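Have a look at the structure below before the remarks.
The values are calculated or read from the model by the stated rules, or taken from the named source; none is laboratory data. This one's a predicted model, so the numbers in the text were calculated from it and none came from an experiment. Cβ atoms come from the backbone with ideal geometry, glycine included; neighbour counts cover every protein chain shown. All accessible areas refer to the heavy atoms of the entire protein, side chains included, with ligands and DNA or RNA removed. Shrake-Rupley method; radii C 1.70, N 1.55, O 1.52, S 1.80 Å.
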Amino acid sequence: QFEAYEAVRRDRLSLDFEDCEQRLRASGYEIVSNAGVMLVVRKQVEVTVYPHGRLLMHPVKDKSEAETVAKGVYDALGM
């Protein structure tokens with residue numbers, strides 16, 4: 001069974017979604033949507049990126065997969 005997981009950074013960020021798009025695209029992510037208040041990307045799973053660094057990931061099967069996905073996104077963003 002698949003679920004959604006979120007990752008919340010301890011440090012509060014203020015992300016520039018134009019920069020995020022370029023970095024994520026360069027790391028192999030498909031840009032699904034940039035609504036200005038959230039950025040939706042896909043690379044195996046769909047990830048919604050919020051301006052302060054929160055991630056919502058789905059579908060993921062467990063916490064371990066969610067941690068791997070979050071690390072990949074944060075690494076791609078240079079965090």
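A search for C-beta distances below 6 Å between a residue of the stretch 28-46 that is in contact (Cβ under 8 Å) with a residue 24 or more places away in the chain and any residue that is open to solvent by less than 60 Å² (accessible area, probe 1.4 Å) and hydroxyl-bearing (S, T, Y), counting only pairs 6+ apart in sequence or on different chains, returns V41/Y29; K43/Y29. Contact map, the stretch 50-79: first residue under 15 Å from L24 (Cβ atoms), second residue among the basic types (K, R), Cβ cut-off under 6 Å, separation 6 or more or different chains; pairs are G53/R9; A76/R23; L77/R23.
With the structure loaded, tell me whether K71 is closer than 13 Å to Y5 by Cβ, exposed (fewer than 15 other Cβ atoms within 10 Å of the Cβ) and either modelled with pLDDT under 95 or among the hydrophobic types (A, V, I, L, M, F, W, C) (or both) or whether it fails that test.
So K71 does not fit the description; no.
For the stretch 56-68, give me the residue count where each residue is within 13 Å of V8 (Cβ to Cβ) and open to solvent by 20 Å² or more (accessible area, probe 1.4 Å). Of the residues in the stretch 56-68, 2 are within 13 Å of V8 (Cβ to Cβ) and open to solvent by 20 Å² or more (accessible area, probe 1.4 Å).
For Q22, state whether it is more than 11 Å from the chain's Cα centre (by Cα) and assigned to a helix (DSSP H, G or I). Before you say what the answer is, go through the steps one by one.
Details: more than 11 Å from the chain's Cα centre (by Cα): yes; assigned to a helix (DSSP H, G or I): yes.
Answer is yes for this residue.
The condition (being under 12 Å from the mean Cα position of the chain (by Cα), among the β-branched types (V, I, T) and not in a helix (DSSP H, G or I)) is satisfied by just one residue among V73, V40, V69: V40. Of all residues in the stretch 1-19, those satisfying the criterion of being assigned to a strand (DSSP E or B) and either β-branched (V, I, T) or open to solvent by 80 Å² or more (accessible area, probe 1.4 Å) (or both) are E3, E6.
The residues of the stretch 23-55 that are open to solvent by 50 Å² or more (accessible area, probe 1.4 Å), aliphatic (A, V, I, L, M) and under 16 Å from A7 (Cα atoms) amount to a single one, M38.
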